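Trainee: Sharing a structure here in structure tokens format.
The values are calculated or read from the model by the stated rules, or taken from the named source; none is laboratory data. It should be emphasised that the depicted structure is a prediction, and the values quoted were computed from it without experimental measurement. Positions of Cβ are backbone-derived with ideal geometry, glycine not excepted, and every protein chain shown enters the neighbour counts. The accessibility values were calculated without ligands, DNA or RNA, using every heavy atom of the protein model including side chains. Shrake-Rupley method; radii C 1.70, N 1.55, O 1.52, S 1.80 Å.
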Amino acid sequence: MTQSALSKRLLDEYAAVSDSLPTDVVSAERRQEAIQALAARGLPTTREENWRYTNLRPLERARFAPVAAAAAAAAPTVIPAGLDLPSTLTGFARFTFVDGTFAPELSSEHAQAGSTVRNLRRAPESSARRQGSTAGTRPLTAPSGCPEASLALLNEAFATDTALISVRGGTDAPQRVELVFVAVAGADVGASYPRIQVALDPDSRLILVERHVSAGSGASFVNSSVSVDIGRGAHLTHYRLQRAGARSAWLDTLTAVLAADGRYSLLTINTGGLSARSTTQVQMAGPGAELILSAAALGDRQQTQDHFALVEHIAPRARTDQTFRGIASGRARVAFNGKITVREAAAGTDSRQSLRGLLAGPAAEIDVRPQLEIYTDDVRCSHGATAGKLDDSMLFYLLSRGLSPEVAQRLLKWAFLEDVVSKIELPELRRQIEHDLAGQMADAASLKELL
Amino acid sequence: MSETENRLESLLARRYKHGFVTDIDADTVPPGLDEDVVRLISRKKGEPAFLTEWRLKALRHWLTMSEPHWSHTSYPPIDYQAISYYSAPKAKSDGPKSLDEVDPKLLETYEKLGVPLHERARLAGVAVDAVFDSVSVATTFKERLNEAGVVFCPFSEAVQRHPELLERYLGTVVPFTDNFFASLNSAVFSDGSFVHVPKGVRCPMELSTYFRINAAKTGQFERTLIIADEGAYVSYLEGCTAPMRDENQLHAAVVELVALEDAFIKYSTVQNWYPGDAEGKGGIYNFVTKRGECRGRNSHISWTQVETGSAITWKYPSCILRGDGSSGEFYSVATVNNRQQADTGTKMIHIGRDTRSTIISKGISAGHGQNTYRGLVKVLPSAHGARNFTQCDSLLMGGKCGAHTFPYVEVKNPSATVEHEASTSKISDDQLFYCLSRGISEEDAVNLIVSGFCKTVFKELPMEFAVEAQNLLAVSLEGAVG
Amino acid sequence: MLKIDNLHVKVDGKEILQGLTLEIPSGEVHAVMGPNGSGKSTLANVLAGRPGYEITAGSVTFQGRDLLALAPEERAREGVFLGFQYPVEIPGVNNVYLLKAAVNAARKHRGLEEVDAFEFLTLVREKMRLMRMEESMLSRGVNEGFSGGEKKRNEILQMLVLEPRLAILDETDSGLDIDALKIVANGVNTLRSPARSLVLVTHYQRLLDYIVPDHVHVLVKGRIARSGDKSLALELERRGYDWVTGEAA
């Protein structure tokens, strides 16, 4: 389908459902602006520099109208029988969204004094005002209007609900929140639009676990959008675990802004989806801000795992530490494009990037792009990138100790991800993830004793 | 319309008005580009039909293309129909009559470079007679080359003497469809160098265009083709050390290298086209396509470049590693100062088994200069056992300059190993202080540290060029510190 | 135990071992010495089955079996142990996990049950005390961030736990200070037994003060140029390798 035909279909689909879209989630005006901006710009194509590794074919086939609009607008969410959700984490309040709509029966709230978590849909308008939340009605566009955030516009236009988290300062113990997004319906029925807004007041703390899973083996179309606002001295630890169904398209945009001395530890693990793409844009807006961005991706069969991470330093003395580990098996493509921009005012910037891809399949592909764009001299920036097979000397070492080639290879693959997995600070979550990864690597048996 | 834009246009126009039409009527083509112009160029050079046709195909293709803007540079739009595409050498009367008429700053630069006096005059375009002197020098070399069976001649001469080689190799590495500037070059190229080293021959001397390009003063659209037959060896030097006073010119050259089985080609460039003045006025737009193909088994192509000149540089000397066991290298120093912009790097395309590539890039940014490394390492599914190592470091001098690193690593063979490392930092205060505490002046200390930073690249250059490159670096970074 | 006959080995097309013949009976300790580039490490690596070595002629028999026909892991399970000259760091692979996996691989090969976790740890702790290693080194990645001396001690620890029939120690003494050398030597000596053979590949005689060999061989240009008892090592120390290389030339 040509770009213009696609844009036209986008507009048509929007026009058909726009009246049914909830205005308490996104106002009609903002929806209108978003869809117009997106149609004018066009949906991304692989001819664009920062989309060249993405599998964008699902965009051509997808129905953009949300699942919720396809069903009767007020119909209750259908929870599929036998839905297997990840086990809950101790001390975490869980909020579950099915096809982009809040599912209270799958959620478990723990009262936490220091924060407000709610979904916007059906939330009384007055409560949003009472909380004085800054996140409530803020548009989800990128800090500097970057074209790569275009899929956030798609979410803005069609969103059916928003998970709204605001954290107040003054308590030492971090707030703990878990969001679970379940995709059920196939892309032929409609799209699902997970949407999160997180705002941390100065000096507040939050640990956020965000999961994306599928129910059943349907080919879903998920387009998520996350906006993060980290106040002065606030700390956010954010785990994003994407385990969408094997035939799903999972497209995602996250934008974050860090104020002075804010700290953002963002760890993503992408294993699911036929076509997965994460766009992460972080702006280091305050002096002394710190970003630790760690990402792991596993691709097998025909999967495409693509991650574009743009970090923009506009304030002095901020620090970015970026780690990527990707394994491509089968015919999969695993790509990571990490760009760090240091503006003139960002003196004293310190950034490190370590991007490594492992080729583990005869027709697999690894693409890594560590990019630096620097406009001032008082910086210390470095990056390293590798793509290749397992290290021969490590392999031989293990063989020389009697391990079989299969076990040795699995062990080294496992170790390869360790730079990311070891950064998970919650033991309970780490165990879950390790089990998931072991399962993903199809060798749970031999690795179990490791765990 | 911006001032620069105005100036570019007026320069282009001026050349039309005062340069060629009045002085050398017979060799003048009016500004603009169409099939008639291309046919005219081809006819004037007495080219065989296949070449005329090739140029025309290139033109037709070029007309369907639009100028690329993905590079990290900015410049006013170029009006390609305002350029005159065939320019005979300037008449003697056109240049300055003696050294007294040459910009003293330019002469000062030559003095610093250690260029001998008669050379300085020649480089400044003064004494045309001196050029004839060195042409005769070149002739003595030619005899030695003839004995070895090496062909080294201007491209237009090769068209007459070796049309079969041209027909076989021209455009096989850089096809006329390759990119906007390469297509333009294919349609209108003026002259350039042609080298053929026959089977098993080690070229008995370094080949150099150091004199010829400057002397001929053609060179907006040169085309160079170097073929090293099986087991041949050739080292080729290209010196573009001809500052061009105030002219603001588009320079869109194409260089093609073909290395057959076991052949070895080393191509070194020291580029110091006029970079424009401190405010960014004038200077060359250096939009060049350079590519070599390691066609045969165990062939080797090595690019070394020292880029200190030009207002804008856009070039990616690349290697297509097709032959099994072939290897490619790219060693680069690029400096930008004042308002210079450079977007340069390489592409290493691994196709054959056990192919190897090495990329060492050193970028130095000063003043308001913007320096970009852009490189692609691509390993295709067929390139079993391919290996690449890339190191690219940037040095920043002053808070107004920029250093950018945009590598692409794309690997489709699971037995390949690709490693990329890069660092960006300002010149080390500790190193600077150490030198100062030993009584070395700040300027000397900076030069010392910078040449240390570039050492791994300089050592790839032939001796006399290495010295020149070091001096050039010092000159081009003048005023960057303190 | 081990019989090497007329072994020729090429590395990158260059012949490094040029007809090496050597027999090591059970229970003996043999030192293989030689100048740099004489082929000592090549010999060690070939015996362990490292890829990249082309065997052009000759044979190696280990306990009556064709050693060269076995994959590296099979050799290990049969009881061949290589102590690496430069042990590789493997971040992310737990040191104790590797040990346990190695022990179990060998046990399974012999048709034995997997080792009991508690007994195993008790054994490892005991051996670590012998090697004067911090217990924290167990939970770290294999050799990750270890100093040169720690890596060598870790090699010997693995050997003590695996109890090989034939151990080849490649320059295990290099990079060790005198205290570490004594610890390593002590560890090696505890393993000496009539059922076990040891090959010490070394450049210097120093190690042999602490692990006294039954035989000393001097390797020059890929062949054994001279063999003798431990006094040969002392003579070499005194007269230098030129003495033998001069003769061999």
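Trainee: For C:E23 and A:R301, what is the calculated FRET efficiency with R₀ set at 45 Å and r taken between the beta-carbons, to the nearest 0.05?
Mentor: Computed FRET efficiency for C:E23 and A:R301 comes out at 0.25.
Trainee: Between C:E54 and C:E134, what is the label-to-label distance in nm when each label sits 7 Å out along the Cα-to-Cβ direction?
Mentor: 4.6
Trainee: Let me have the 222 nm mean residue ellipticity of the protein assembly as shown computed from DSSP H runs of 4+ only, each contributing -39500 (n - 2.57), with the sum over all residues rounded to the nearest 500.
Mentor: -8500 deg cm²/dmol
Trainee: Follow-up. Using label points projected 7 Å from each Cα along Cα→Cβ, tell me how many nm separate A:D19 and C:A117, to one decimal.
Mentor: Spacing of the two 7 Å Cα→Cβ label points: 6.4 nm.
Trainee: Roll a 1.4 Å probe over the protein chains and send me the accessible area per residue for the protein assembly as shown in Å².
Mentor: 38
Trainee: Run down the lysines and flag those whose C-alpha is under 27 Å from the C-alpha of A:K339, throwing out any fewer than 8 positions away in its chain.
Mentor: Partners within reach: A:K389, A:K413, A:K423, B:K315, B:K347, B:K362, B:K378, B:K400, B:K412, B:K426.
Trainee: Enter the mean number of other protein chain beta carbons within 10 Å of the beta carbon of each residue in A:390-397, as an integer.
Mentor: Mean inter-chain Cβ contacts per residue within 10 Å come to 6.
Trainee: Between C:K108 and B:Y434, what's the calculated FRET efficiency when r is the beta-carbon distance and R0 is 60 Å? Round to 0.05.
Mentor: Values: r = 60 Å, r/R0 = 0.99.
Result of the calculation: an efficiency of 0.50.
Trainee: Could you tell me the calculated FRET efficiency between A:R41 and C:E237, based on Cβ-Cβ distance and R0 = 56 angstrom, to the nearest 0.05?
Mentor: 0.10
Trainee: Now for a different question. Mind telling me which of C:G27, C:G145, C:G39 comes out most flexible in a GNM of chain C, alpha-carbon contacts under 10 Å?
Mentor: Its mean-square fluctuation being the largest, the pick is C:G145.
Trainee: I've got another one for you. If DNA, RNA and ligands are ignored and the probe is 1.4 Å, what is the ranking of C:K230, C:K100 by accessible area, most exposed first? Intermediate results must be reported in sequence, preceding the final value.
Mentor: Numbers: C:K230 115, C:K100 50 Å².
If we order C:K230, C:K100 from most to least accessible, we get C:K230, C:K100.
Trainee: What residues qualify as long-range amide H neighbours of B:I360, i.e. H under 5 Å apart, gap of 5 or more or another chain, H built at 1.01 Å from N?
Mentor: Here the answer is B:F330, B:Y331, B:S332, B:Q391, since their amide H atoms fall under 5 Å of that of B:I360.
Trainee: To the nearest 10 Å², what's A:S354's accessible area with a 1.4 Å probe?
Mentor: 40
Trainee: Further question on the same structure: Keeping every protein chain in place, order A:F158, A:F416 by accessible area at 1.4 Å, biggest value first, i.e. largest first.
Mentor: A:F416, A:F158
Trainee: Would you rank C:E150, C:E74 by solvent-accessible area, highest first, keeping every protein chain in place and using a 1.4 Å probe?
Mentor: C:E74, C:E150
Trainee: Let me ask something additional. Could you work out how far apart the two model spin labels at C:Y210 and B:E147 are, taking each label as a point 7 Å from the Cα in the direction of the beta carbon, and quote it in nm?
Mentor: So the label points at C:Y210 and B:E147 sit 6.6 nm apart.
Trainee: Would you list, by chain and number, the lysines whose Cα falls below 16 Å from the Cα of C:K100, excluding same-chain residues fewer than 8 positions away?
Mentor: A:K448, C:K108, C:K127
Trainee: Can you pick out the pairs among B:K266/B:K459; C:K14/C:K40; B:K459/C:K14; C:K152/C:K182; C:K14/C:K221 whose Cα atoms lie more than 18 Å from each other?
Mentor: Distance filter (> 18 Å) returns B:K459/C:K14.
Trainee: Under a cut-off of 20 Å between alpha-carbon atoms, report the aspartates and glutamates in cross-link reach of B:K281, not counting same-chain residues fewer than 8 places apart.
Mentor: B:E3, B:E5, B:E9, B:D79, B:D103, B:E108, B:D246, B:E247, B:E307, B:D343, B:E478
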